[in-house]
Amino acid sequence: MTTPLTLVATLVAKEGQEAELEQALRGLQPLSRAEEACIQYDFHRDAEQPRTFHMIEQWKDEASLAAHEATPHYQTALPVLQKAKKLTITKMYRVS
């Protein structure tokens, strides 16, 4: 059995674009959770930095993440995500 892939994406909205980024991220959540290979897909706003959002995702494997990134709902949101002031993605595998 393959170890699931966990991903943490941190996005910082440009000033004045918080609502647009939040809307795009909110829209991704239900459609992404419905994907067969999605184990976890949670959306958070940073408690100390209100323009910062965190996505905590877990996918069956790397191929599942690639399939997610090719979906129409992800591709539709991508231009908004790319407008973020900062985007950091951390991928990891659980050790134990």
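The values are calculated or read from the model by the stated rules, or taken from the named source; none is laboratory data. Nothing here was measured: the structure is a model prediction, and the numbers come from that model. Neighbour counts run over all protein chains shown; Cβ positions are idealised from the backbone, glycine included.
Quick notes
- Among the numbered conditions (1) within 18 Å of LYS91 (Cβ to Cβ); (2) modelled with pLDDT of 95 or more, the only one that THR3 does not meet is (2).
- The stretch 6-17, residues that are farther than 13 Å from GLN82 by Cα and either in contact (Cβ under 8 Å) with a residue 12 or more places away in the chain or β-branched (Val, Ile, Thr) (or both): THR6, LEU7, VAL8, GLU15
- Scanning the stretch 22-77 for residues being of a type in the set (Asp, Glu), exposed (fewer than 14 other Cβ atoms within 10 Å of the Cβ) and in a strand (DSSP E or B) gives a total of 1.
- Subset tally (residues that are under 17 Å from LEU11 (Cβ atoms) and out of contact with any Cys (no Cβ under 9 Å at 6 or more places or on another chain)) for the stretch 50-74: 11
- Residues that are of a type in the set (S, T, N, Q), more than 13 Å from THR6 (Cα to Cα) and under 13 Å from the mean Cα position of the chain (by Cα) within the stretch 36-68 comprise just one, THR52.
- Tabulated pairs, the stretch 33-52, first at positive phi, second exposed (fewer than 15 other Cβ atoms within 10 Å of the Cβ) and assigned to a loop (DSSP other than H, G, I, E, B), C-beta under 9 angstrom, 6+ apart or interchain: none
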